[in-house]
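A.B. asks: There's a structure below that I have some questions on.
The values are calculated or read from the model by the stated rules, or taken from the named source; none is laboratory data. Fair warning: this is a prediction, and the values are worked out from it, not measured in the lab. Don't worry about glycine lacking a Cβ; one is built from the backbone with ideal geometry, like all the others, and counts go over all protein chains shown.
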Amino acid sequence: MPLNRDRAICLRKVEFSETSQILTLFCRRSGSIRVIAKGAHRRTKEGASKFDGGADLLDVGDCVFIDHSSRDLGTLTEWKLIDGHIPLRTNLRAMLLAQYLAEILSLLLGENDPHTPLFDRLRVTLPALTTPRVEEEFLAMQLDVLNDTGYLPSFTSCVNCGGKIDARAAYMPQRPGLICQNCEPAYTDRIAINPRLLGIAGSILKLPRVRAVPQRLPRLTRAQTDPLNAFLANQIQQIIQRRLNTARYIC
Ligand SMILES: [Zn+2]
């Protein structure tokens, strides 16, 4: 069986038996993979471990794995920690937003489908979440995840009639997309969203980029990003047809 070497970010970790872990890793070249790390917590008498004591959520590491193409789970044979994101782990807001990004990536990325620019974006975004630019960095990354995986909603047209989103906009908790002011009255449980905020989201997607990273992000407050985060989380939940564990933390 060929061994694959890649750099990866841990998106999901499930402890399995006393010593093993099942991991969802976002690999730079291979995309999302699911692997079992047998004996992840086991150490030799000298204290050495093939897995650096086991991977943690959001850890960046160099991994070696066997991809059993006919089977569901691959096998992780080595894990060397590169970045444990210590500053992130001491900042609650940053950690919750990072956990949300890990959850949506683990659900939206298809297995073995490479998304190298998105991987590089996440590498830059995770440390940026501990800076004063946290809210705009998080929103921009979330938009890129949706854009890259093909789940970005239209910010300019109504999902119901195709008409232009104009002076008023809303969305419904049970379906993806935005509805225009003409269609709005037909839905009693709609949630209004300011079209100006939708305009901000649209303009972030059009910013010039250097190595996939958008430049000159506007400074945003939570009064601006919370309604957008709630709309985008609803969009994701309607597409994957399940609730996100971390959605309640982001807005
Ligand atoms: Zn409409």
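A.B. asks: Got a sec? Which of 192, 233, 186 is of a type in the set (Gly, Ala, Ser) and surrounded by 14 or more Cβ atoms within 10 Å (Cβ to Cβ)?
C.D. replies: When all the criteria are applied, what remains is 233.
A.B. asks: Within segment 34-56, can one find any residue that is at pLDDT 95 or above, outside the structural domain of residue 127 (by TED's automatic domain parsing) and among the hydroxyl-bearing types (Ser, Thr, Tyr)?
C.D. replies: For segment 34-56, residues at pLDDT 95 or above, outside the structural domain of residue 127 (by TED's automatic domain parsing) and among the hydroxyl-bearing types (Ser, Thr, Tyr): absent.
A.B. asks: In segment 147-197, which residues are assigned to a strand (DSSP E or B) and not polar (S, T, N, Q)?
C.D. replies: Those that are assigned to a strand (DSSP E or B) and not polar (S, T, N, Q): 164, 169, 170, 171, 179, 180, 191, 192, 193.
A.B. asks: Mind counting the residues in segment 198-214 that are in a loop (DSSP other than H, G, I, E, B) and either more than 23 Å from the chain's Cα centre (by Cα) or surrounded by fewer than 14 Cβ atoms within 10 Å (Cβ to Cβ) (or both)?
C.D. replies: Residues flagged as in a loop (DSSP other than H, G, I, E, B) and either more than 23 Å from the chain's Cα centre (by Cα) or surrounded by fewer than 14 Cβ atoms within 10 Å (Cβ to Cβ) (or both) within segment 198-214 amount to 4.
A.B. asks: Checking residue 106 against (1) surrounded by 14 or more Cβ atoms within 10 Å (Cβ to Cβ); (2) at pLDDT below 95; (3) in contact with a Ser or Thr (Cβ under 6 Å, 6 or more places away or on another chain), which single condition isn't satisfied?
C.D. replies: Status for residue 106: all satisfied but (2).
A.B. asks: With 128, 140 as the choices, which residue is free of Cβ contacts under 8 Å to residues at least 24 places away in the same chain, closer than 30 Å to residue 210 by Cβ and not basic (Lys, Arg)?
C.D. replies: 128
A.B. asks: Can you pull out the residues in segment 153-177 that are surrounded by 17 or more Cβ atoms within 10 Å (Cβ to Cβ), more than 11 Å from the ligand (Cβ to nearest atom) and without any contact (Cβ under 8 Å) to a residue 60 or more places away in the chain?
C.D. replies: Hits for segment 153-177 are 155, 172.
A.B. asks: When segment 82-101 is examined, which residues are found to be crowded, with 22+ Cβ neighbours inside 10 Å and under 29 Å from residue 68 (Cβ atoms)?
C.D. replies: 101
A.B. asks: Further, regarding this structure: Here is a check on your reading of the model: is residue 200 more than 10 Å from the ligand (Cβ to nearest atom), under 27 Å from residue 221 (Cα atoms), in contact (Cβ under 8 Å) with a residue 24 or more places away in the chain and not charged (D, E, K, R)?
C.D. replies: yes
A.B. asks: Also, I was wondering about something else. Can you give me the number of residues within segment 15-55 that are free of Cβ contacts under 8 Å to residues at least 12 places away in the same chain and within 15 Å of residue 81 (Cα to Cα)?
C.D. replies: So the count comes out to 2.
A.B. asks: Name every residue in segment 106-130 that is closer than 23 Å to residue 237 by Cα and in a helix (DSSP H, G or I), in order of residue number.
C.D. replies: 106, 107, 108, 118, 119, 121, 122, 125, 126
A.B. asks: Any residue at all in segment 120-129 that is within 21 Å of the chain's Cα centre (by Cα), of a type in the set (Ser, Thr, Tyr), closer than 19 Å to residue 88 by Cα and not assigned by TED's automatic domain parsing to the domain that holds residue 32?
C.D. replies: yes
A.B. asks: Residue 250 - would you say it is within 16 Å of the ligand (Cβ to nearest atom) and touching a residue at least 12 places away in the same chain (Cβ under 8 Å)?
C.D. replies: Against the criterion (within 16 Å of the ligand (Cβ to nearest atom) and touching a residue at least 12 places away in the same chain (Cβ under 8 Å)), residue 250 does not qualify.
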